[in-house]
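Please read the structure below before turning to the comments.
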Amino acid sequence: MEEWGFALVDLSPKQIKRGLDLSIKTLVWPPEISEFIDLAKSKNGDWRQAGNAYKQFQRALPKPRNVALARSAIAGLKASL
């Protein structure tokens, strides 16, 4: 418990409340100290998005403009298999 006291010294009461709320909502197990501090200091409320790890991906190919041509190309590929 003493290590938690040392870790929470730099957090404001509002940050501690945010950390408690988010750990209850998002975690299955009680958090480790580093996880709790990350939750408490998160700005947008979703600690998993803090590093922009989940960016919207761009599709590899655009939608075909000529659907009939695309269907015939796919039919040709299927026939060659």
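Identify, from the list LYS43, LYS25, LYS17, LYS63, the residue that is modelled with pLDDT of 90 or more and among the basic types (Lys, Arg). I'd like the intermediate steps shown before the answer.
Details: LYS43 fails: modelled with pLDDT of 90 or more; LYS25 fails: modelled with pLDDT of 90 or more; LYS63 fails: modelled with pLDDT of 90 or more.
Answer to the check: LYS17.
Hey, could you check segment 47-60 for residues that are part of a helix (DSSP H, G or I) and under 17 Å from GLN15 (Cα atoms) and say which is modelled with the highest pLDDT? Among residues in segment 47-60 that are part of a helix (DSSP H, G or I) and under 17 Å from GLN15 (Cα atoms), the one modelled with the highest pLDDT is ARG48. Please determine, by comparing only the residues of segment 1-46 that are part of a loop (DSSP other than H, G, I, E, B) and hydroxyl-bearing (Ser, Thr, Tyr), which one is surrounded by the fewest Cβ atoms within 10 Å (Cβ to Cβ). Per the stated criteria, the residue is SER12.
The single condition from (1) surrounded by 10 or more Cβ atoms within 10 Å (Cβ to Cβ); (2) at pLDDT below 85; (3) part of a loop (DSSP other than H, G, I, E, B) that ALA70 fails is (3).
The values are calculated or read from the model by the stated rules, or taken from the named source; none is laboratory data. Remember, predicted model here, so these are calculated numbers, not experimental data. Because the Cβ atoms are built from the backbone with ideal geometry, glycine has one as well, and the counts that use them run over all protein chains shown.
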